[in-house]
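Report on one structure; see the data block that follows.
No value in this document is a laboratory result; all are computed from the given coordinates. All of these numbers come straight from a predicted model, not from anything done at the bench. Quick reminder, even Gly has a Cβ in these numbers, built from the backbone with ideal geometry, and neighbours come from all protein chains shown.
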Amino acid sequence: ALQLIHLLGHIYVSYKGVVWGPIKDMVHISHGPVGCGQYSRAGRRNYYTGYTGVNSFGTMNFTSDFQERDIVFGGDKKLATMVDEIEMLFPLAKGISIQSECPVGLIGDDIEAVAKTKGAEIGKTIVPVRCEGFRGVSQSLGHHIANDTLRDYVLDKSEDKEVATSDYDVAIIGDYNIGGDAWSSRILLEEIGLRVVAQWSGDGTLPELENTPKVKMNLVHCYRSMNYICRHMEEKYGIPWMEYNLFGPTKCEESLRAIAAKFDEKIQAKAEEVIAKYKEQWQAVVDKYRPRLEGKKVMLYVGGLRPRH
């Protein structure tokens, strides 16, 4: 039974823990019974800065707590009331997302209508995401569904937004700051002279997502989860994208050089300075452990994250 729950939860988890859930300045509603919301609450270490419950909400659990009567009569009114309560209690939230659980899809609740009506009423972005677990066992499909809602409810509606830009603007795409790794990526990219204007989506914000159509390049850390939105931005806005890999010192060097090569000589020279700076630090670690590992077989259990398989 637990294995079945895990498989059916892949679509939901794609939304909750990967694409939308880590966006810190939005309230994310688990619309349905309390179980799915609680099961997925804080299940991933999507670290963020800010004040929880004031301007950041990533580790809080918002659920409409479906009961039997909601299955019979529908949960639209409860959802609308919940939006009003969120707006009253958390006025600094930049927007709301509605993540539909299995019963919501089965009974046909019109979360899109609620999102449209209440969004206009409170003047904030409300995104309905059809991420019911029964849609399939593919987590990648969940990524795709969530990417499509990012396109429809954020990018398409922010095209005319005025944004101050520079020649070195980039966005980190597909890094969910699990344990703080997006912060490390950002440090290196900014040290070589680039300006990171958005993180998709660990420690990210809704205004950052809205700024992304103006960047000069999208840098993709997890291809599987966000190649869809990168391809869309390339086709619609002409933004090039490339994958990079910061797992291990040699990959850091390769990736920083490859990224710098897409910019001017100033960035390329700065990249070499940064590589030299850190090489002294990591070489000491290599020198310590190499004699103990030389000639031995080592298994790295890294999961299916950013380095691809």
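The ALA258 and ASP152 beta-carbon pair, evaluated with R₀ = 35 Å, returns a calculated FRET efficiency of approximately 0.65. Reported to the nearest whole Å, the Cα centre-to-centre distance from segment 66-103 to segment 216-230 is 31. Going through (1) 24; (2) 32; (3) 18, the figure that equals percent of Cα pairs over 32 Å apart as computed for the structure here is (2).
Placing unit charges on the Cβ atoms of the charged side chains and taking the dipole of segment 248-287 about its Cα centre, the candidate lying farthest along the positive direction among TYR278, ILE267, GLY248 is ILE267. Give me, ordered by chain and number, the residues 5 or more places off ASP169 or on other chains with an amide H under 5 Å from its own placed amide H. Correct list: ARG195, LYS216. Stokes-Einstein diffusion of segment 71-193 at 4 °C, 1.567 mPa s viscosity, Kirkwood radius from Cα pairs, rounded to a whole number: 75 µm²/s.
Report the extension gain between ASN245 and GLN38 in nm, rounded to one decimal, defined as 0.36 nm multiplied by the number of residues separating them, less their alpha carbon distance. Spell out each step's value before the answer.
Values: separation 207, 0.36 × 207 = 74.52 nm, distance 3.27 nm.
Answer, rounded to one decimal: 71.3 nm.
The dipole here belongs to segment 211-299: it is taken about the Cα centre, uses +1 on the Cβ of Lys and Arg and -1 on the Cβ of Asp and Glu, and is about 320 debye. Each label point was placed 7 Å from the Cα along the Cα-to-Cβ direction; for VAL163 and THR49 their separation is 1.9 nm. Computed from the C-beta positions of ALA80 and GLU294 and an R0 of 45 Å, the FRET efficiency is 0.10 to the nearest 0.05.
The relative contact order of segment 73-212, computed from alpha carbon pairs under 8 Å that lie at least 6 residues apart in sequence, is 19 percent.
Give, rounded to the nearest 20 debye, the magnitude of the charge dipole that segment 188-258 has about its Cα centre when Lys and Arg contribute +1 at Cβ and Asp and Glu contribute -1 at Cβ.
On the way: 8 positive and 10 negative charges, 40 e Å.
The calculation lands at about 200 debye.
Among 21-27, 283-289, sorting by the average number of other beta carbon atoms lying within 10 angstrom of each residue, highest first, gives 21-27, 283-289. The value of relative contact order for segment 226-279, using C-alpha pairs under 8 Å at least six residues apart, is 21 percent. Of the peptides 155-168, 240-253, the ranking by mean beta-carbon count within 10 Å, highest at the top, reads 240-253, 155-168.
Once backbone amide H atoms are built at 1.01 Å from N, ASN245 has SER255 as its partners under 5 Å, excluding neighbours fewer than 5 places away on the same chain.
Residues whose amide H falls under 5 Å from that of HIS28, counting only those 5 or more places apart or on a different chain, are SER97, with hydrogens built in the peptide plane.
Pulled fully out, how much extra length does the chain show between ASP110 and ILE187, if you take 0.36 nm times their separation in residues and subtract their Cα-Cα distance? Each step should come with its number before you reach the end.
Numbers: separation 77, 0.36 × 77 = 27.72 nm, distance 4.27 nm.
Here the answer is 23.4 nm.
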